[in-house]
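Only one structure is covered here, and it is reproduced in the block below.
The values are calculated or read from the model by the stated rules, or taken from the named source; none is laboratory data. All of these numbers come straight from a predicted model, not from anything done at the bench. Ideal geometry is used to build each Cβ from the backbone, glycine not excepted, and the neighbour counts take in all protein chains shown. Please note that ligands, DNA and RNA were not included when accessible areas were found on the heavy atoms of the full protein model with its side chains. Shrake-Rupley method; radii C 1.70, N 1.55, O 1.52, S 1.80 Å.
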Amino acid sequence: MTAIADDFATHGADAIARLRADDPATYLRMVTALVPRELILQRESQPVPDYAELTDEEALAMLEAEYRRRRLEASMKSVAAAVKP
């Protein structure tokens, strides 16, 4: 595993770029195998902000919104689990 991690650290970005250019179908299979679908959909629906340009208040609001979203999601999963027969 160390050898693979070292090789990827050295050549990973170039290898991924070559794979994307040379074999797009395999590149897409790799992406779908490694990246959770929810993350891909989230990135497509919500642009990633430039965090360096956020004010402290904006950053805090984003963190609070994410915290509330995760708590709500956990609560909904708990309710769904309790309701399932």
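Between helix 56-83 and the chain, what is the angle of the helix's C-alpha long axis to the longest principal axis, kept within 0 to 90° and rounded to the nearest 10? With both axes taken from Cα atoms, the answer is about 80 degrees.
Of all the accessible heavy-atom surface of the chain, with the other protein chains kept in place and a 1.4 Å probe, what percent is carbon and sulfur? That share works out to 61 percent.
Helix 24-34 and the longest principal axis of the Cα set of the chain meet at an angle near 40°. The C-alpha atoms of the chain define a longest principal axis, and helix 2-22 lies at about 80 degrees to it. The peptide list 67-75, 15-23, put in order of mean Cβ contacts within 10 Å with the highest first, becomes 15-23, 67-75. The helix-only estimate of mean residue ellipticity at 222 nm for the chain, built from DSSP H runs of length n ≥ 4 each weighted as -39500 (n - 2.57), is -27500 deg cm²/dmol after division by the residue total.
In plain terms, the chain from LEU28 to MET76 could stretch by 14.1 nm, reckoned as 0.36 nm per residue minus the Cα-Cα distance.
For the chain, with every protein chain kept in place, what is the accessible area per residue (1.4 Å probe, Å²)?
Accessible surface, normalised per residue, equals 91 Å².
The stretch between ALA17 and GLU64 holds 13.3 nm of extra length on full extension. This uses 0.36 nm per residue minus the Cα-Cα distance. Tell me which of ALA3, LEU72, MET30 sits at the most positive position along the dipole axis of the chain, charges placed on C-beta atoms (Lys, Arg +1; Asp, Glu -1). Positive-most Cα among the choices belongs to LEU72.
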